[in-house]
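Visitor: Structure provided below as structure tokens; questions to follow.
The values are calculated or read from the model by the stated rules, or taken from the named source; none is laboratory data. Computed from a predicted structure; not experimentally measured. Heads up, the Cβs are rebuilt from the backbone with ideal geometry, glycines too, and the neighbour counts pull from every protein chain shown. Quick note on the areas: whole protein, heavy atoms, side chains included, nothing else; ligands and nucleic acids left out. Shrake-Rupley method; radii C 1.70, N 1.55, O 1.52, S 1.80 Å.
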Amino acid sequence: MNLLHISWANIKEKKLNSFLSGLLLTFGIGMISLLLLLDRQLDAQFKRNIKGIDMVVGAKGSPLQLILSSIYQIDAPTGNIPLAEVNKLKMNPMVKTIIPLSMGDNHKGFRIVGTTAQYVTHFEAKLAQGALFSTTLETTLGSKVAEATGLKIGDTFASAHGLDEAGEAHADVLYKVTGIFEANGSVIDQLILTDLSSVWAMHEHEESHEASEAESHEPHTEGEEPHAHEAEDEKEVTSALIKFRSPMGLVALPRQINANTSMQAALPSIEINRLFSLLGVGIDTLRALALVIILIAGVSVFVSLYNSLKERKYEMALMLSMGATRTRLFGMLLLEGLMLALLGYAAGLMLSRVGLWLFSRAAEQDFHYSLADFGLLSGELYLLAAALLVGVMAAALPSLGVYRLNLSRTLAED
Amino acid sequence: MIVCKNLTFSYSPTKKFSFPDIQCNDREALLILGQSGTGKTTLLHLLGLLLTPESGELLLNGQSLRSLSATEAAGVRRARQIGIIYQRAHFVRSLSVLDNILLANFLADQKQDKARAILLAEQLGIGEHLAKKPHQLSQGEQQRVSIARALMNNPALILADEPTASLDDVNCQKVVELLKQQSLSIGASLVVVTHDRRLTDAFPKQVRL
């Protein structure tokens, strides 16, 4: 027997009280821990994909939408821009690299993105097998796409119009798989990459097909002559990712583009900060709520110990008469608070992992993003300190009564 | 052997107690009889060093107990030399009977002698209750557990405050017999404070307050 044994027995003796205190702590700690986890993972996901992209140009509209659709592939594109305008930017001395993107089709919910080999280089994606697309209608699959669709090298598949599965299928022209990327945690994992020309080919074919039926589904091609696409300067892309030679570009180029061209320029860093500050309000509210829950847990430990100490006054006097020092008894009571805090902390961390797992599953289904990093965070060590502090404080306040206990009188009563 | 001379104690200037001289040798049993309000419990607490006397002398085995007063540091030494049995058996509610008995060893910083705890429990007839919680036991059984607890450190003095007050006649006789028998076997002085007239026959040596 030791103090730990006695404290633990006391916790078990008051099952409901201990359960309530532990439950409150669990929820408070769990919420904060989940927020920390989400914060880190979202941050990491967003930062990883933003790396090396200084500016995005696309059709006019919401800059945040442009960033979300072009970098993260989670929102609809703002529209199309002429390839000629994009090529003009290439001449600009401040621009180092420019990666055109063209999207609008999908296969089983995975976006098909027409681009150049530079896009692959930018995200440092490595081939797991096969080769990179080289000509029209050849594709290279992201790891998650390959896993989910089961497509292998040499397989062919039809694309569907739009960005979700329900789109109308382009059944008569088929893509061919030439390679599969290794998983690298970037947006490429969830994309089907193909050559720019594939997207043009796909829609030219469709347009000519539709034009023969004297009808067009696509607003952006309305009024155009079907064969006009063959002219290089009439070709369109959805957006382009741009890297500057120097930070100077950041100052001059966006304003210039927004003022003088039909395109808009959006800066990822600014837009993502804006997005996070919008989310931040919600996160701050949740965090405050979690802190309140932890405080209530502390109060619950306090009330529970306070009540039980009134009942256990005789027990304390008895132990004092049997040779226990007051400090030892005080330590025993502190241990009860500490153990509850530790239990709540451990359960809270587990709860947050379960929460993250559920959240990750939902995010994967909706956006093909996974957030499955369950490791311990440094912030959670502070959380441990906070939980222990709450436990000790809540236990210490009522337990100080041990020092005021009148041994003889308490034993003589009753 | 415990000896006390001219013990006095006062809770307030108007409520003063002075006690008769008492002597109880090793292996001897002493009954202190008195009605309520005559300071029985006060005397027991003085003998058990839970209270400090105002004046007078207190000797345990020839050694003055002034040094073993109710102060913190002395608590452990006191607990090793004096075993106390209270009027109503009280226990640490959350611990099993066995752990409650072992608690005497633990709190007095002695080695926890589980074999002795089991042996004592067997002798006192509560061997089959060791795994239960104390409050699951009957009053008589509980009182026997507190006897076992008081004996764990082989004290030189065993004090009992109304040990039979809440017991029926059969249990009363049993508990008294066990008390006498056990304190005899460890060579301790036994002092019982009571107003229970049923005990007068069992103790030849008596003091009235």
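Visitor: Long-range amide H contacts for A:GLU182: which residues qualify at under 5 Å (H placed 1.01 Å from N, peptide plane, sequence gap of 5 or more or a different chain)?
Guide: HN-HN under 5 Å from A:GLU182: A:LYS126, A:LEU127, A:ALA128.
Visitor: Before anything else, pin down the relative contact order of chain B: Cα pairs under 8 Å, at least 6 apart, normalised by residue count, whole percent. Numbers along the way, then the final one.
Guide: Details: 393 pairs, mean separation 65.4, N = 209.
Once divided by the residue count of chain B, the mean separation gives 31 percent.
Visitor: With the cut-off at 27 Å, tell me which of the pairs A:LYS12/B:LYS114; A:LYS88/A:LYS126; A:LYS12/A:LYS313; A:LYS96/A:LYS152; A:LYS51/A:LYS126; A:LYS90/A:LYS176 have Cα atoms farther apart than that. List each step's numbers first, then the result.
Guide: On the way: A:LYS12/B:LYS114 23 Å; A:LYS88/A:LYS126 30 Å; A:LYS12/A:LYS313 18 Å; A:LYS96/A:LYS152 35 Å; A:LYS51/A:LYS126 17 Å; A:LYS90/A:LYS176 30 Å.
Over 27 Å apart, Cα to Cα: A:LYS88/A:LYS126; A:LYS96/A:LYS152; A:LYS90/A:LYS176.
Visitor: By how many degrees, between 0 and 90 and to the nearest 10, does the Cα long axis of helix B:72-81 differ from the longest principal axis of chain B?
Guide: 70 degrees
Visitor: Which residues of the stretch A:370-414 show a drop of at least 10 Å² in accessible area when all protein chains are present, compared with their chain alone (probe radius 1.4 Å, heavy atoms only, ligands and nucleic acids excluded)?
Guide: SASA drop of 10 Å² or more in the stretch A:370-414: A:LEU407, A:SER408, A:LEU411, A:ALA412, A:ASP414.
Visitor: For a quick check of understanding: with a 1.4 angstrom probe and all protein chains in place, what accessible area in square angstrom does A:ARG287 have, to the nearest ten?
Guide: Taking all protein chains as shown, A:ARG287 has close to 80 Å².
Visitor: Looking at the stretch A:8-107, which trypsin sites (Lys or Arg not before Pro) are in a loop (DSSP not H, G, I, E or B) and have at most 16 other Cβ atoms within 10 Å? Before the final figure, lay out the partial values.
Guide: On the way: sites: A:LYS12, A:LYS14, A:LYS15, A:ARG40, A:LYS47, A:ARG48, A:LYS51, A:LYS60, A:LYS88, A:LYS90, A:LYS96; in loops: A:LYS14, A:LYS51, A:LYS60.
When the trypsin sites (Lys or Arg not before Pro) of the stretch A:8-107 are filtered for loop state and at most 16 Cβ neighbours within 10 Å, A:LYS51, A:LYS60 remain.
Visitor: How much length is gained if the chain between A:ARG287 and A:LEU23 is pulled fully straight, taking 0.36 nm per residue apart and subtracting their Cα-Cα distance, in nm to one decimal?
Guide: Details: separation 264, 0.36 × 264 = 95.04 nm, distance 1.74 nm.
Full-extension gain reported as 93.3 nm.
Visitor: To continue, here is another question. Over chain B, with the other protein chains present, what is the accessible area per residue in square angstrom, probe 1.4 angstrom? Display every interim value, and only then the final one.
Guide: Details: 8660 Å² over 209 residues.
Roughly 41 Å² per residue, with all protein chains present.
Visitor: Also, quick follow-up: Among A:PHE157, A:GLN65, A:VAL237, which residue has its Cα positioned farthest towards the positive end of the charge dipole of the stretch A:55-266, with +1 placed on the Cβ of Lys and Arg, -1 on the Cβ of Asp and Glu, and the dipole taken about the Cα centre?
Guide: Going by the Cα projections, it comes out as A:GLN65.
Visitor: Pick from B:VAL176, B:VAL193, B:VAL92: which residue has the top mean-square fluctuation in a GNM of chain B where Cα pairs under 10 Å get a spring?
Guide: Of B:VAL176, B:VAL193, B:VAL92, the most mobile in the Gaussian network model is B:VAL92.
Visitor: What FRET efficiency, computed as 1/(1 + (r/R0)^6) with R0 = 51 Å and r the Cβ-Cβ distance, is obtained for A:GLU413 and A:LEU342, rounded to the nearest 0.05?
Guide: Calculated transfer efficiency: 0.90.
Visitor: Something else about it: Taking the Cβ-Cβ separation of B:GLN173 and A:MET393 as r and a Förster radius of 51 Å, what is the calculated FRET efficiency to the nearest 0.05?
Guide: Working: r = 52 Å, r/R0 = 1.03.
Approximately 0.45, to the nearest 0.05.
Visitor: So what's the angle, to the nearest 10 degrees on a 0 to 90 scale, between helix A:268-311 and the longest Cα principal axis of chain A?
Guide: On a 0 to 90 degree scale, this one is about 20.
Visitor: Run the helix sum for chain A: -39,500 (n - 2.57) per DSSP H stretch of 4+ residues, divided by residue count, reported at 222 nm to the nearest 500 deg cm²/dmol.
Guide: Values: 13 runs with 227 residues, N = 414.
Helices in chain A give a 222 nm mean residue ellipticity of -18500 deg cm²/dmol.
Visitor: Any idea what the relative contact order of the stretch A:55-266 is, in percent, if you count C-alpha pairs under 8 Å spaced at least 6 apart? Intermediate values should be presented prior to the final figure.
Guide: On the way: 435 pairs, mean separation 73.2, N = 212.
Worked out over the stretch A:55-266, it gives 35 percent.
Visitor: Let me ask something else. At what distance in nm do the modelled label points of A:SER62 and A:ASN258 sit from each other, each positioned 7 Å from its Cα along Cα→Cβ?
Guide: With each label point 7 Å from Cα toward Cβ, the separation is 1.7 nm.
Visitor: Identify which of B:LYS15, B:LYS133, B:LYS111 has the largest mean-square fluctuation in a Gaussian network model of chain B, with springs joining Cα atoms closer than 10 Å.
Guide: Taking springs between Cα atoms under 10 Å, the residue moving most is B:LYS15.
Visitor: A:ILE153 to B:ASN25: FRET efficiency via 1/(1 + (r/R0)^6), r the Cβ-Cβ distance, R0 60 Å, to the nearest 0.05? Kindly include the intermediate steps, with their values, before the conclusion.
Guide: Numbers: r = 102 Å, r/R0 = 1.70.
Using R0 = 60 Å, I get an efficiency of 0.05.
Visitor: Would you please classify the overall shape of the stretch A:55-266 from the alpha carbon gyration tensor, given that a ≥ b ≥ c denote the square roots of the eigenvalues, rounded means a/c under 1.5, and beyond that prolate means a/b larger than b/c while oblate covers the rest? Don't skip to the end; give the middle numbers.
Guide: Numbers: a/c = 1.85, a/b = 1.16, b/c = 1.59.
It comes out oblate by the Cα gyration axes.
Visitor: Whole-Hz Karplus ³J(HN,Hα) for the stretch B:200-205, in order, using 6.51 cos²θ - 1.76 cosθ + 1.60 and θ = phi - 60°, x for Gly and Pro?
Guide: Ordered by residue, 3J(HN,Hα) equals 4, 6, 7, 10, x, 9 Hz.
Visitor: For the Cα atoms of chain B, what angle does the longest principal axis make with the long axis of helix B:114-123, in degrees from 0 to 90, nearest 10?
Guide: 90 degrees
Visitor: Here's a follow-up. Give me the one-decimal nm value for the distance between modelled label points at A:ALA171 and A:LEU405, 7 Å along each residue's Cα-to-Cβ direction.
Guide: 8.4 nm
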